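Heads up: the structure comes next, in structure tokens.
The values are calculated or read from the model by the stated rules, or taken from the named source; none is laboratory data. Just so you know, these numbers come straight off a predicted model, no measurement behind them. Neighbour counts are summed over all protein chains in view; Cβ atoms, including those assigned to glycine, are modelled from backbone coordinates with ideal geometry.
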Amino acid sequence: MNPEQDLQTEYLRLKAALYDPNTDLQSVPAVLGNIRTLFDGSKWVGVVHIEVDALARIESIYGWQVFDRLLRAVSAVLHEARGEILPLESVLAQSGVCAGRFVVFAPLSAEARPPLEALDRAATGLTGRLADRFGSPEFHSMSPPLSCHVGYAAFTDQPFFRLERLVERAIDEARALGLQSDPQQRSREQAELKRIIREEDIDVVFQPVVNLRTETVLGYEALCRGPRNTAFEKPKVMFACSEGLGASRELDLLCQKRILERARDLPAGEKLFLNALPSSLADPGFRDRLLRELPEGVDLAHEDIVLEITDRDAIGDYEVFGQEVGELRARGFRLAVDDVGTGSSSLHTIAEIRPDYIKIDGSLIRNLGTNLVKQEMLRSLCQVARSIEAAVVAEGIECEEELDAVRRCGIEFGQGFLLARPARELPALRRREVREP
């Protein structure tokens, strides 16, 4: 090997040690120069440390491809947050190439004391965005569920210390805070959730369920949201916190109440798809009080209310549960099984409950046009639906190619951003005006 080849080999080895092409991020030593420039206008630089929890276990279960995809997702969240949650000048890095630890360096201020409130807001905002990303169809069914530790620290330039040591010390401090603050963070989240339940601080948005043949609205799925611009705006985050608090049923019943109050806006004759936990459907208060007499002004028949069964894994005894939901069906309510395709429990639920609607999870719809296996799975589900006289709804339709593939598979109803986004007021279809069949 000649000297030129030796040099090229050494360059590639050094590049591999300092840059991760998977996330398009450099390691901390490679961005020291960028960090130094942050002190040009700031006395203090903040460090936010993000560490994905149980990442090694996730790689051992799902493989390196999923591991890499997860790292890319975190990197994408950080890039999107720059200029919004994070200052535009923030420097992004990984604490080691191909590692599951990410570091953000952000200019703080020229003041004598570091404004840690700004760092706390940034850490909280990133936690919410990462929770939202981890709750997307790509990752939400993973076990153990994805979570992360987010901590922060601040440091100032000190001429008697090497910058490298100051940076590493701040990273260690931020990481330690992230690992230690989980109980405190959970306590704050639980206190906020108690306030949300006590003050009924729940908003409701609607998304149309569309007849794909006639392009008319069959009905609307009602989706609950927590306070805006908080992590609890995402229902998955809100309900995940409620589990630790032991308040899942209480929160779920509150959501049903708020949805039925807003149901006054629904046109007569259109369906209301209402999500409900199995524990709520088994609750006598839900069956005998909340749904027996609808709020005044709600022009909905029981036959127009479709109860979507979520969190199917929580069903302990299918025979008993079948009897409980049988009471609701006898009073006219319709049943749907939600998120079908995300686990074997959905097939068990379909067999035992025999729902009126089977709602296909968006993960099966993604890239449906090019995935022959998914297409065969959907055709089989359509055949099962016909055998029990159930209708099939494809969720998460986001592009024309997916819509065309859904139709080719024989699915009659659809829902997704392509058709209409969730909105507080009843949204019109995005593709074309609704017309009568």
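One line per residue, one yes/no per condition, for (1) at pLDDT below 85; (2) closer than 22 Å to residue 394 by Cα; (3) of a type in the set (Phe, Trp, Tyr); (4) assigned to a helix (DSSP H, G or I):
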site: 222; (1), (2), (3), (4): no, yes, no, no
site: 243; (1), (2), (3), (4): yes, no, no, yes
site: 274; (1), (2), (3), (4): no, yes, no, no
site: 279; (1), (2), (3), (4): yes, no, no, yes
site: 294; (1), (2), (3), (4): yes, no, no, no
site: 297; (1), (2), (3), (4): yes, no, no, no
site: 300; (1), (2), (3), (4): yes, no, no, no
site: 316; (1), (2), (3), (4): yes, no, no, no
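Which residues, taken from region 334-381, are farther than 23 Å from residue 319 by Cβ, among the acidic types (Asp, Glu) and in contact (Cβ under 8 Å) with a residue 40 or more places away in the chain? First the steps, then the outcome.
Kept after step one, since they are farther than 23 Å from residue 319 by Cβ, are these residues of region 334-381: 341-342, 359-381.
So of that shortlist, the ones also among the acidic types (Asp, Glu) come out as 361, 376.
The one that is farther than 23 Å from residue 319 by Cβ, among the acidic types (Asp, Glu) and in contact (Cβ under 8 Å) with a residue 40 or more places away in the chain: 361.
If only residues of region 33-58 that are among the hydrophobic types (A, V, I, L, M, F, W, C) and at pLDDT below 90 are counted, the one that is farthest from the chain's Cα centre (by Cα) is 39.
Kindly provide the set of residues from region 386-422 that are among the small types (Gly, Ala, Ser) and assigned to a helix (DSSP H, G or I), ordered by number. Break it down stepwise before answering.
Filtering region 386-422 down to residues among the small types (Gly, Ala, Ser) leaves 387, 390-391, 394, 396, 405, 410, 414, 416, 420.
Answer for region 386-422, where residues must be among the small types (Gly, Ala, Ser) and assigned to a helix (DSSP H, G or I): 387, 405.
Among the residues making up region 49-73, those that are touching a strand residue (DSSP E or B) at 6+ places or on another chain (Cβ under 9 Å) and touching a residue at least 60 places away in the same chain (Cβ under 8 Å) are 49, 50, 51, 52, 53, 58, 70.
Looking across region 21-48, the residues that are part of a loop (DSSP other than H, G, I, E, B) and without any contact (Cβ under 8 Å) to a residue 24 or more places away in the chain come down to 21, 40.
Kindly indicate whether any position in region 89-107 is at pLDDT below 85, hydroxyl-bearing (Ser, Thr, Tyr) and in the same structural domain as residue 169 (by TED's automatic domain parsing).
In the first step, residues of region 89-107 are kept if they are at pLDDT below 85; the result is 95-100.
The next check asks that each one be hydroxyl-bearing (Ser, Thr, Tyr); those that pass are 95.
Going one step further and asking which of them are in the same structural domain as residue 169 (by TED's automatic domain parsing), we end up with 95.
Checked against the condition, which is being at pLDDT below 85, hydroxyl-bearing (Ser, Thr, Tyr) and in the same structural domain as residue 169 (by TED's automatic domain parsing), region 89-107 yields at least one hit.
Just one of the numbered conditions (1) under 28 Å from residue 334 (Cα atoms); (2) assigned to a helix (DSSP H, G or I) is not true of residue 218: (2). Quick one: in region 132-158, of everything that is crowded, with 21+ Cβ neighbours inside 10 Å and farther than 30 Å from residue 43 by Cα, which residue is farthest from the chain's Cα centre (by Cα)? For region 132-158, the residue satisfying everything is 146.
Please specify each residue of region 207-231 satisfying the condition of being over 14 Å from residue 414 (Cα atoms) and either surrounded by 24 or more Cβ atoms within 10 Å (Cβ to Cβ) or of a type outside the set (Gly, Ala, Ser) (or both).
From region 207-231, those over 14 Å from residue 414 (Cα atoms) are 222-231; that's our starting set.
Scanning region 207-231 gives 223, 224, 225, 227, 228, 229, 230.
Out of all the residues in region 336-357, is one or more small (Gly, Ala, Ser), under 21 Å from residue 271 (Cβ atoms) and modelled with pLDDT under 85? Yes, that holds for at least one residue.
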